[in-house]
Amino acid sequence: MTGVLWPLVGMIAGAALALQAPVNSALARGLGQPVAAAAFSFLSGAIVLGLVSALWAKMQGTAIDFRAPALWLFVVGGCLGGFYVTCVVVLVPKLGAATLIAFVVAGQLLAGLLIDRVGLLGVAVRELSLGRIAGAVLLVTGALMIRRF
């Protein structure tokens with residue numbers, strides 16, 4: 001995939017997140033319980049991803065090495081995802097999809113800047129620049145404007 005297509009893939013992933021919010025919120029309304037909706041959303045995703053992972057490994061002729069990563073990475077990744085999905089299920093009806101996604105993206109960007117700055121978990125260190133800070137300020141301002149207007 002060329003370097004031009006990666007941003008497009010990122011935008012498609014962002015669109016999937018935006019769509020996931022009202023889908024899971026509707027599931028919560030149907031089930032009558034937001035945490036159950038998050039749990040079943042994760043369960044179905046885990047099943048699909050498990051099958052895709054097995055197929056991918058078979059196609060590449062490799063095996064998944066479950067002993068390599070630290071155990072806490074398995075747990076923390078799932079807990080963070082569960083927290084996100086549960087918050088989205090609860091907040092979509094209160095804020096609306098556009099406002100919620102604006103704040104989610106703003107939070108992702110702010111956390112991403114910090115992760116880049118300290119090189120968390122092996123991420124390449126990237127210094128904070130005036131342009132990066134200005135971009136973050138504009139994104140947070142945009143999120144506030146979407147909420148307000």
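The values are calculated or read from the model by the stated rules, or taken from the named source; none is laboratory data. Since the structure is predicted, the reported quantities are computational estimates derived from the model, not experimental observations. Cβ placement follows ideal geometry from the backbone for every residue including glycine, while neighbour counts extend to all protein chains displayed. Heads up: the accessible areas ignore ligands, DNA and RNA and are worked out on the full protein's heavy atoms, side chains in. Shrake-Rupley method; radii C 1.70, N 1.55, O 1.52, S 1.80 Å.
Annotations for the structure displayed:
- When residues of the range 67-90 are limited to those that are open to solvent by 70 Å² or more (accessible area, probe 1.4 Å) and more than 11 Å from the chain's Cα centre (by Cα), the one nearest to SER25 (Cα to Cα): CYS79
- Within the range 53-82, residues that are within 22 Å of ALA111 (Cα to Cα) have Cβ atoms under 9 Å from residues that are surrounded by fewer than 11 Cβ atoms within 10 Å (Cβ to Cβ) in these pairs: LEU73/LEU121; PHE74/PHE66, counting only partners at least 6 apart in sequence or on another chain.
- Qualifying residues in the range 5-42 (those that are within 22 Å of VAL89 (Cα to Cα) and open to solvent by 90 Å² or more (accessible area, probe 1.4 Å)) - the one modelled with the lowest pLDDT: MET11
- Filter result for VAL92 (in contact with a Leu (Cβ under 6 Å, 6 or more places away or on another chain) and touching a residue at least 24 places away in the same chain (Cβ under 8 Å)): yes
- Qualifying positions in the range 91-108 - closer than 19 Å to ALA13 by Cβ and either open to solvent by 70 Å² or more (accessible area, probe 1.4 Å) or aliphatic (A, V, I, L, M) (or both): VAL92, ALA97, ALA98, LEU100, ILE101, ALA102, PHE103, VAL104, VAL105, ALA106, GLN108
- The range 121-149, subset assigned to a helix (DSSP H, G or I) and closer than 30 Å to PHE74 by Cβ, residue farthest from the chain's Cα centre (by Cα): GLY122
- From the options GLY50, GLY45, GLY30, residue that is of a type outside the set (Val, Ile, Thr), farther than 27 Å from ILE101 by Cβ and outside any loop (DSSP other than H, G, I, E, B): GLY50
- Look at (1) more than 17 Å from the chain's Cα centre (by Cα); (2) modelled with pLDDT under 95; (3) more than 17 Å from LEU19 (Cα to Cα) and you find that LYS94 fails only one, number (3).
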